[in-house]
Amino acid sequence: MRLRNLGNTGIKIGSVGLGCMGMSWLYEESARDDERSVRVINEALDLGGNLLDTADLYGAGHNETLLGRAIAGRREEAVVATKFGIVLDDLEARQAHRDNSRAYLRKAVEASLRRLDVDVIDLYYVHRIDPDVPLAETWGAMAELVEQGKVRWLGLSEATVAQARQAHAIHPVTAVQSELSLWTRDALQADGGEEGGMVGWCESNGASFVPFAPLGRGFLTGTLHSGQFEESDFRAASPRFHRAAMEANQRIVDGVREVADRRAVTPAQVAIAWTLAQGERVVPIPGTKNSRYLRENLAAAEVHLTEDDLADLDALPPAQGSRY
């Protein structure tokens, strides 16, 4: 697989990684299969998709435990990214609150190290910034974890450019993770005086930009249909997956499929290749628990989109319906 830099760490990673959340949380929970997920994670490592992304929130720690089990014996091949800062109050109801306090951070990192069964976390994100705790306080406490050898590098999730600048002035921001896809382009919009938005800020400051949900939570593959989601699936209640929104957003899928047909690749590969084309610092993490889709997703690193392809994709209409 083609390689890209992980921030300014000097480490090279596969240009497409693997989001592990759906193996434990939010999507088709009745189809959860830990044995299959372990195999898929190992296949990702075999194929060079070595950025493996999880969080303590996903399945109330289940996803970290699963990932730790999968990489046992292969720790040096994996770049393990996890997150803290959202505290689960009720697993079944998916109720949670934010806590970026120093006290919670200390407990959270120890719990993540234990579940992952590793001595150090490669990339540690604050999952969502807590408005009740100064970012400088949180980021300073996270920097102490680096000094203590518990964490190698630090990241932000769903942050603004102003927040990234503030954090970067205290300790280097290695990565920023936010949603980016052909139906969610906020990270490319001007923000805080940065014309290229968060993606542009990352390019200018040597940080990686890590898009989650680059396949639009599966919608951009063209395989999803209204009414097919089980009650436990996040998408069943998501505004973008209501019938009217899905019908309106079909125009986006049609445009992606048109480019895919002329390149003789799949719509999923076009969607991922589009994110890669947004900058050399972009490393998408599409999620799957299926070997076939994993191979398809990682192979998108080799898909070349022409200027005409990109122009057609950039001209697609904005999505109808809010993200959450």
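Using only alpha carbon positions, build the gyration tensor of the range 158-245, then give the equivalent ellipsoid semi-axes as the square roots of 5 times its eigenvalues, largest first, whole angstrom.
Semi-axes (√(5λ), whole Å): 32, 12, 11.
For the chain, the relative contact order comes to 20 percent (Cα pairs under 8 Å, sequence separation of at least 6). Partner lysines whose Cα lies under 28 Å from the Cα of LYS289, excluding those fewer than 8 positions away in the same chain, are identified as LYS12, LYS83.
With +1 on the Cβ of every Lys and Arg and -1 on the Cβ of every Asp and Glu, and nothing else charged, how large is the dipole of the range 1-158 about its Cα centre, in debye rounded to the nearest 20? Write out the running numbers ahead of the final one.
Values: 20 positive and 26 negative charges, 92 e Å.
Using only the charged Cβ atoms, the result is roughly 440 debye.
If R0 is 51 Å, what FRET efficiency do you get for ASP117 and ALA162 from their C-beta distance, rounded to 0.05? The value I calculate is 0.90.
Electrostatic tally near TRP139: other residues with Cβ closer than 12 Å to its Cβ, Lys and Arg +1, Asp and Glu -1, net -1. Comparing TYR27, TYR104, TYR124 in a Gaussian network model of the chain, where Cα atoms under 10 Å apart are tied by springs, the biggest mean-square fluctuation is seen for TYR104. Within the range 235-324, the ratio Rg/Rh, alpha carbon atoms throughout and Rh by Kirkwood, equals 0.98. Computed over the range 1-60, the percent of Cα pairs more than 13 Å apart is 65. Between amide H atoms placed 1.01 Å from N, distances below 5 Å from TYR27 occur with PHE234, all of them 5 or more places distant or on a separate chain. Considering only beta bridges that DSSP places wholly inside the chain, some 25 percent are antiparallel. Seen from ASP56, the other residues with C-beta closer than 9 Å to its C-beta sum to a net charge of +1, counting Lys and Arg as +1 and Asp and Glu as -1. A simple rule links phi to the HN-Hα coupling: the Karplus curve 6.51 cos²θ - 1.76 cosθ + 1.60 with θ = phi - 60°, which for the range 5-10 gives 6, 9, x, 9, 7, x Hz, with x for Gly and Pro. Across the chain the C-alpha pair distances fall into 10 Å bins from zero in the proportions 6, 27, 37, 24, 5, 0 percent. Determine the sum of side-chain charges near LEU88: Lys and Arg each +1, Asp and Glu each -1, restricted to other residues whose C-beta is under 13 angstrom from that of LEU88. The answer is -2.
Computed from backbone phi, the HN-Hα couplings of the range 55-62 come to 6, 5, 5, 5, x, 6, x, 4 Hz, rounded to whole numbers (Karplus: 6.51 cos²θ - 1.76 cosθ + 1.60, θ = phi - 60°; Gly and Pro given as x). Only helices enter this figure: runs of n ≥ 4 DSSP H residues, each worth -39500 (n - 2.57), summed and divided by the residues of the chain, yield -11500 deg cm²/dmol at 222 nm to the nearest 500. Each of SER15, ALA72, ILE252 was scored by the projection of its Cα onto the charge dipole of the chain, and the greatest displacement toward the positive side belongs to ALA72; charges sit on the C-beta of Lys, Arg, Asp and Glu.
Values in this text are rule-based calculations from the coordinates and carry no lab data. Small disclaimer: the values here were computed from a predicted structure and weren't measured. Glycine gets a Cβ as well: all are built from the backbone with ideal geometry, and neighbour counts include every protein chain shown.
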